[in-house]
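*Asks:* Sharing a structure with you now.
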Amino acid sequence: MINLFRDPPPLRGVLALYDNPESLLQAAARVREHGFKGADAYTPYAVHGLSEALGIKKSWVPYVTLVMGLSGAVFGLLFQIWTSAIDWPINVGGKPFVSLPAFIPVTFEAGVLLGGTTTLAALLLACGLPDFRTPILDRDLTNDRFALFIPEGRHDWNETRAVEFLKSTNPLDVRVIRG
């Protein structure tokens with residue numbers, strides 16, 4: 001079953017700051033090998049290969065876009081057929097009541113409208129936004145720093161082990177976040 005609602009982000013854990021994406025990628029690749037679950041990365045721009053290194057699954061949002069875009073196109077086409085051939089049929093210059101070439105622009109726009117708006121709603125739902133409880137981890141994360149965050153585990157959390165592991169990846173700084 002797909003979990004539509006993300007769990008609230010943990011407010012406790014260990015954060016390591018890096019100055020380049022290569023260091024972050026190397027640390028992210030090693031974090032799962034050492035048994036840490038739920039690690040997350042924060043970057044100022046997309047880093048190729050980071051989601052694979054962290055083991056993040058593919059999103060379900062593109063499927064919502066496909067289904068709702070096609071549904072919008074079908075509903076737009078059916079609405080035009082209904083209005084021009086059933087509800088208010090008017091013969092204009094001998095044009096057929098169901099004129100598919102004339103219906104293409106509205107059909108396309110209806111698909112884009114429904115697909116786009118539901119994609120935005122699904123994206124906000126998938127990301128758990130807006131979330132005003134997440135603390136600011138570091139102000140430079142949106143500028144020029146990269147971070148790897150290991151959240152507090154459920155049962156066997158060992159803060160010292162997480163700090164030592166992150167220090168072994170040569171970060172600029174390691175911080176313990178106690179939210």
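The values are calculated or read from the model by the stated rules, or taken from the named source; none is laboratory data. Keep in mind that what you see is a predicted model, and the values were worked out from it rather than measured. Methodologically, a virtual Cβ is constructed for each residue, glycine included, from the backbone with ideal geometry; neighbour enumeration extends over all protein chains shown.
*Asks:* Taking the condition under 30 Å from residue 24 (Cβ atoms), outside any helix (DSSP H, G or I) and polar (S, T, N, Q), does residue 91 pass? If you could, list the steps in order and put the result at the bottom.
*Replies:* Details: under 30 Å from residue 24 (Cβ atoms): no; outside any helix (DSSP H, G or I): yes; polar (S, T, N, Q): yes.
It is false that residue 91 is under 30 Å from residue 24 (Cβ atoms), outside any helix (DSSP H, G or I) and polar (S, T, N, Q).
A quick yes/no check of all residues on (1) of a type in the set (A, V, I, L, M); (2) exposed (fewer than 14 other Cβ atoms within 10 Å of the Cβ); (3) in a helix (DSSP H, G or I):
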position	(1), (2), (3)
102	yes, yes, yes
106	yes, no, yes
117	no, yes, yes
124	yes, yes, yes
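*Asks:* Whether any residue in region 137-149 is assigned by TED's automatic domain parsing to the domain that holds residue 25, over 14 Å from residue 18 (Cα atoms) and either loosely packed, with under 14 Cβ neighbours inside 10 Å or touching a helix residue (DSSP H, G or I) at 6+ places or on another chain (Cβ under 6 Å) (or both) is what I want to check. Please lay out each step first, then the result.
*Replies:* Taking region 137-149 as the starting set, the residues that turn out to be assigned by TED's automatic domain parsing to the domain that holds residue 25 are 137-149.
Now drop any that are not over 14 Å from residue 18 (Cα atoms), which leaves none.
No, every residue in region 137-149 fails to be assigned by TED's automatic domain parsing to the domain that holds residue 25, over 14 Å from residue 18 (Cα atoms) and either loosely packed, with under 14 Cβ neighbours inside 10 Å or touching a helix residue (DSSP H, G or I) at 6+ places or on another chain (Cβ under 6 Å) (or both).
*Asks:* Let me ask something additional. Could you list all residues from region 20-76 that are of a type in the set (A, V, I, L, M, F, W, C), over 27 Å from residue 121 (Cβ atoms) and over 18 Å from the mean Cα position of the chain (by Cα)?
*Replies:* 24, 25, 27, 28, 29, 31, 36
*Asks:* Now for a separate question. Tally up the residues in region 41-81 that are of a type in the set (Ser, Thr, Tyr), loosely packed, with under 15 Cβ neighbours inside 10 Å and either at pLDDT 95 or above or part of a helix (DSSP H, G or I) (or both), please.
*Replies:* Of the residues in region 41-81, the ones of a type in the set (Ser, Thr, Tyr) are 42-43, 45, 51, 59, 63, 65, 71.
From what is left, the residues that are loosely packed, with under 15 Cβ neighbours inside 10 Å are 45, 59, 63.
Those left that are additionally either at pLDDT 95 or above or part of a helix (DSSP H, G or I) (or both): 63.
Of the residues in region 41-81, 1 are of a type in the set (Ser, Thr, Tyr), loosely packed, with under 15 Cβ neighbours inside 10 Å and either at pLDDT 95 or above or part of a helix (DSSP H, G or I) (or both).
*Asks:* Go through region 92-149 and report how many residues are small (Gly, Ala, Ser) and within 27 Å of residue 166 (Cβ to Cβ).
*Replies:* Pass one, region 92-149, residues small (Gly, Ala, Ser): 93-94, 99, 102, 110-111, 115-116, 121-122, 126, 128, 147.
With the extra rule that they be within 27 Å of residue 166 (Cβ to Cβ), the set shrinks to 128, 147.
The number of residues fulfilling the criteria is 2.
*Asks:* With the requirement that a residue be among the aromatic types (Phe, Trp, Tyr) and either touching a helix residue (DSSP H, G or I) at 6+ places or on another chain (Cβ under 6 Å) or in contact (Cβ under 8 Å) with a residue 40 or more places away in the chain (or both), what does region 20-52 give you? Give the steps one after another, and end with the answer.
*Replies:* So in region 20-52, the residues among the aromatic types (Phe, Trp, Tyr) come out as 36, 42, 45.
Hits for region 20-52 are 36, 42.
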